[in-house]
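Input: one structure, supplied below.
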Amino acid sequence: GRKHRLSILGSTGSIGTNTLDVIRQLGGRDRFDVLALTGSSNITLLAEQAIACGAKLAVTADAGQYAALKDALAGSGIAVAAGPSGLLEAAGMDAEWVMAAIVGTAGLAPTLAAARRGADIALANKECLVSAGALFVETIGKAGGRLIPVDSEHSAIFQVLEEDQRHAVERIVLTASGGPFRTWTREQMADVTAEKARAHPNWSMGLKISIGSASMFNKALEMIEAKHLFNVRPEQIEVIVHPQSIIHSMVGYTDGSVLAQLGCPDMRTAIGYALTYPLRSTLNVDRLDFAKLARLDFEAPDEVRFPALRLARLALTRDGLQGAIMNAAEETAFHAFVAGRIGFLDMAEVVETVMDQMVDVAPATAIDDVFAADAEARVRAAEVITAR
Ligand code: NDP
Ligand code: MG
């Protein structure tokens, strides 16, 4: 039959390379037509990927790398573009399925462009939902595409959430590994470096989400992501620390039942599910060995040591553009932390200050309001960081 046309925004990242592996495992070029791939700094990998999967267009988000990408793909017949307009061109190609795996708010505009065409969106870039929330969901719905979560927790919930039982959903329980500092005191966390913070115990991921796992800002973003994906009230969203990362998340029903999705910590299961949904595929990933596993542990999250969780509650309660503001301030604080300009614990303080400063911003009526709040929150976060 006809091949499934797809594009990957952020193909050179951790999710992007896992997505290409899943595509290869499920039949590669015999079954899929890869239209566009996008990366940013890793030109060598982007060119290799584009040639290996026969992409029609390769785009680097970094306009300064246009010539390098052009050189790397000379004679290949693969079109090349760069910068924000290049990303939009990639998103605009006729793919039926688009993996949104750019990191940060940089992913919002291209993902929206793909959504507006009616493409199915496999969403790894949680920042889209945290920032643009209902407007993002609405854009996809209006254009007729499906929104399929890739984030492992949300994929788990999506997999166990039975459509005809939605009325009986009482709560959703997001599991959190607790990250590398799960048992650390605030004093111990005060002077950790980005190098230490990125070493995740269970998952191998990009830099931003690894630091976000250590600070639990990743879980904070995921709480807001869950609200918009599953249309639940803030008080229906629970977080439980589960250090083994075997249960990827759970849904609790009004009859007391709790359904969970389990698996080895490997993003390819969630990516594969998003690719072949509503069918499951056959993947070469590790199988759970329950006898070896022996036990699963749980503990309550500590909002004093991990204030990000409290800030997510605040954003959920305040609603409006607080998600966009939290997300933009967090991204700015993350860059400052990685650059050694602020400490690990300062990130949450910067975010809270900016959220408080912008508490009166009116809710968004259009996407431009989201971009404006995002930009203002970045400026304010930079000011707070400089003033420290
Ligand atoms: P990576 O940092 O590994 O990859 C990010 C991708 O985005 C790369 O292709 C990178 O290009 C590209 N990129 C970087 N900066 C920009 C920019 N300014 N504009 C456009 N593209 C850019 O991230 P991950 O794969 O870990 O994460 C991607 C998204 O998926 C994030 O939103 C994350 O929260 C989410 N996610 C990731 C999980 C994981 O296991 N990794 C799990 C669940 C969600 P290059 O590398 O060439 O510079
Ligand atoms: Mg996750």
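Filter region 271-294 down to the residues that are basic (Lys, Arg) and at pLDDT 95 or above, then identify the one that is surrounded by the fewest Cβ atoms within 10 Å (Cβ to Cβ).
287
A further question on this structure: Checking the condition more than 26 Å from residue 24 (Cα to Cα) and in a helix (DSSP H, G or I), which residue from 270, 291 passes?
Criteria check complete, one pass: 291.
Can you tell me which residues in region 230-246 are within 16 Å of ligand 1 (Cβ to nearest atom) and either assigned to a strand (DSSP E or B) or crowded, with 24+ Cβ neighbours inside 10 Å (or both)?
Residue satisfying the conditions is 239 alone.
For region 130-160, name all the residues that are within 16 Å of ligand 2 (Cβ to nearest atom) and surrounded by fewer than 19 Cβ atoms within 10 Å (Cβ to Cβ).
Within region 130-160, 160 is the sole residue that qualifies.
Still on this structure, I have one more. Please find, among 108, 174, 123, the residue that is within 16 Å of ligand 2 (Cβ to nearest atom), under 13 Å from the mean Cα position of the chain (by Cα) and at negative phi.
Only one candidate passes the filter, namely 123.
For residues that are of a type in the set (S, T, N, Q) and more than 13 Å from ligand 1 (Cβ to nearest atom), scanning just region 256-273, find the one that is farthest from residue 21 (Cα to Cα).
Across region 256-273, the extreme among qualifying residues is 257.
So which residues in region 167-222 are within 16 Å of ligand 1 (Cβ to nearest atom), farther than 18 Å from residue 130 by Cα and of a type in the set (Lys, Arg)?
198
Turning to a different aspect of this structure: Inspect all residues belonging to region 365-374 and state whether any of them is buried (at least 19 other Cβ atoms within 10 Å of the Cβ) and either over 23 Å from the mean Cα position of the chain (by Cα) or not hydrophobic (A, V, I, L, M, F, W, C) (or both).
Checked region 365-374: at least one residue is buried (at least 19 other Cβ atoms within 10 Å of the Cβ) and either over 23 Å from the mean Cα position of the chain (by Cα) or not hydrophobic (A, V, I, L, M, F, W, C) (or both).
Any residue in region 78-90 that is charged (D, E, K, R) and within 16 Å of ligand 2 (Cβ to nearest atom)?
No, region 78-90 contains no residue that is charged (D, E, K, R) and within 16 Å of ligand 2 (Cβ to nearest atom).
Also, I was wondering about something else. Which of the residues spanning region 88-132 are assigned to a loop (DSSP other than H, G, I, E, B) and within 25 Å of residue 221 (Cα to Cα)?
101, 102, 103, 104, 119, 124, 125 - these are the residues of region 88-132 that are assigned to a loop (DSSP other than H, G, I, E, B) and within 25 Å of residue 221 (Cα to Cα).
Looking at region 136-147 only, could you name the residues that are outside any strand (DSSP E or B) and within 16 Å of ligand 1 (Cβ to nearest atom)?
136
Among the residues of region 148-166, write down those that are part of a loop (DSSP other than H, G, I, E, B) and within 13 Å of ligand 1 (Cβ to nearest atom).
Within region 148-166, 150, 151 meet the criteria.
OK, next. Any residue that is under 21 Å from residue 209 (Cα atoms) and in contact (Cβ under 8 Å) with a residue 40 or more places away in the chain - is there at least one of those in region 290-304?
Looking through region 290-304, at least one residue is under 21 Å from residue 209 (Cα atoms) and in contact (Cβ under 8 Å) with a residue 40 or more places away in the chain.
Additional query: Taking region 309-319 as the search range and keeping residues that are part of a helix (DSSP H, G or I) and out of contact with any Lys or Arg (no Cβ under 7 Å at 6 or more places or on another chain), which one is surrounded by the most Cβ atoms within 10 Å (Cβ to Cβ)?
Looking at residues that are part of a helix (DSSP H, G or I) and out of contact with any Lys or Arg (no Cβ under 7 Å at 6 or more places or on another chain), I get 312.
Small (Gly, Ala, Ser), within 16 Å of ligand 1 (Cβ to nearest atom), surrounded by fewer than 23 Cβ atoms within 10 Å (Cβ to Cβ) and farther than 25 Å from residue 326 by Cβ, is that true of residue 92?
Yes, satisfied.
The values are calculated or read from the model by the stated rules, or taken from the named source; none is laboratory data. Being a predicted model, the structure only gives us computed values, none of them experimental. Cβ sites come from the backbone with ideal geometry, for glycine too, and all protein chains shown count toward neighbours.
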